[in-house]
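Remarks on the structure that follows.
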Amino acid sequence: MKVVVLGCSGSGPGPGSPASGYLVEAGETRLALDLGNGTFGALQRYLDPWALDAVAFSHLHPDHCADFSALAVWRRYHPGPPFDPTRNRLPVFAPVEAPERLGAAYAPSAVERAGTDLTDVFSFQVLASGCEATVGGAVLRAAAVDHLCEAYALRVEHGGRSLVYSGDTGPCQGLVDLARGADVLLCEASWPHTGDMPTGVHLSGRQAGEHAAEAGVGRLLLTHVPVWTDPDAMLAEAKAEFDGPVELVRPDGEYEV
């Protein structure tokens, strides 16, 4: 299993990276975890979008889902699809309001929103804490985490290997439990550890390391560092709390699980 970083800039795209998006290759299965601003273009460097087996959204903030609109245009209006996309709808695993939220992002006016139904080419599957789904040769699991909206950490398992993606979250036992014993934890680290951090938003580098240590993961990959945060400081904080391998991901980086 391998994860390809389509984008890793926190809270929005930066000068050197799209926002959050990751392509997971699990045997012959191809699964996208989030499609933030700019990630659909990056995806095409690695994969024909028709070859995607599913998309899973950790939550519905734009920096994690904005490029779904580009994928919708691709599947609805591409002049030469290799199959009928209305008969082979793409599974989309997402919070319960995804059809309405993503439809509103896609449609440019109130009149068009009223008539927009993206279920012509997508099959929406509701995420819930503890849910499990089979995607090709992989298993997808979810756990609710602590963010400003309905949000989930996601676990992908294939061939005895496991990857857990935190999505966006504050300190959260749900993330620890889902990541227990995972080979790789792809975890956000959004701001330095200070005494005045708000709760239920993001993790510091220190907290990312603490979660990795408590979960007993094999390797920690840090992501979602905003352009205004020092990535080296996030790395140092995480390394002080987790004694396993720790690395800052980079756009277009490929990491074995």
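Of note:
- The spread of Cα positions in segment 3-83, taken along each principal axis and listed from longest to shortest, comes to 35, 29, 23 Å.
- Taking every protein chain into account, the accessible area of segment 145-240 amounts to 36 square angstrom per residue (probe 1.4 Å).
- Phi-derived couplings, Karplus 6.51 cos²θ - 1.76 cosθ + 1.60 at θ = phi - 60°, listed residue by residue for segment 116-129: 8, 9, 7, 6, 5, 10, 10, 10, 7, 10, 6, 7, 8, 4 Hz, with x used for Gly and Pro.
- Alpha-carbon centroid distance for the pair segment 110-181 / segment 68-95, whole angstrom: 19 Å
- Beyond 11 Å, the tail of the calculated P(r) for segment 118-158 holds 67 percent of the Cα pairs.
- Mean separation of Cα contacts under 8 Å, 6 or more apart, over the residue count of the chain: relative contact order %: 18 percent
- Average Cα contact separation per residue, segment 1-110, under 8 Å, 6 or more apart, as relative contact order %: 21 percent
- Taking amide H positions as modeled 1.01 Å from N, with prolines and chain starts lacking one, the residues under 5 Å from GLY253 and 5 or more places away or on another chain are VAL5.
- If the segment from ALA240 to GLU28 were pulled out straight at 0.36 nm per residue, it would be longer than the present Cα-Cα gap by 72.6 nm.
- Kirkwood Rh (inverse of mean 1/r, distinct Cα pairs), segment 1-139, angstrom: 15.2 Å
- Length-normalised contact order for segment 125-257 - Cα pairs under 8 Å, 6+ apart - percent: 19 percent
- Per-residue 3J(HN,Hα) values for segment 177-183, derived from phi via the Karplus relation 6.51 cos²θ - 1.76 cosθ + 1.60 with θ = phi - 60°, read 5, 5, 7, 3, x, 5, 5 Hz in sequence order (x marks Gly and Pro).
- Carbon/sulfur fraction of accessible area - the chain, other protein chains in place, 1.4 Å, %: 50 percent
- Inter-probe distance in nm under a simple model that places probes 7 Å from Cα toward Cβ, at ALA114 and VAL126: 2.6 nm
- The percentage of C-alpha pairs in the chain whose separation is greater than 33 Å is 14%.
- For peptides 199-211, 121-133, 103-115, sequence by mean Cβ density within 10 Å, most packed first: 199-211, 121-133, 103-115
- Segment 105-234: Cα Rg divided by the 2.2 N^0.38 Å rule of thumb: 1.22
- Accessible area in the full protein assembly, largest first, 1.4 Å probe, for ASP196, ASP120, ASP34: ASP196, ASP120, ASP34
- Efficiency of FRET from Cβ geometry, VAL227 and ASN88, R₀ 51 Å, rounded to 0.05: 0.85
- Of the three principal axes defined by the Cα atoms of segment 198-257, the extents in descending order read 30, 29, 19 Å.
- The magnitude of the dipole of the chain, with charges of +1 and -1 set on the Cβ of Lys/Arg and Asp/Glu and taken from the Cα centre, is near 560 debye.
- Packing around the peptides 173-183, 75-85, 61-71, taken as the average count of other Cβ atoms within 10 Å per residue, puts them in this order, highest first: 61-71, 173-183, 75-85.
- Only Lys, Arg, Asp and Glu carry charge here, each on its Cβ (+1 for the first two, -1 for the last two); on that basis segment 85-159 has a dipole of about 200 debye about its Cα centre.
The values are calculated or read from the model by the stated rules, or taken from the named source; none is laboratory data. The structure displayed is predicted, hence computed values, not measured ones. Quick reminder, even Gly has a Cβ in these numbers, built from the backbone with ideal geometry, and neighbours come from all protein chains shown. Each accessible area value is taken on the protein alone, full model and side chains, heavy atoms only, with ligands, DNA and RNA left out. Shrake-Rupley method; radii C 1.70, N 1.55, O 1.52, S 1.80 Å.
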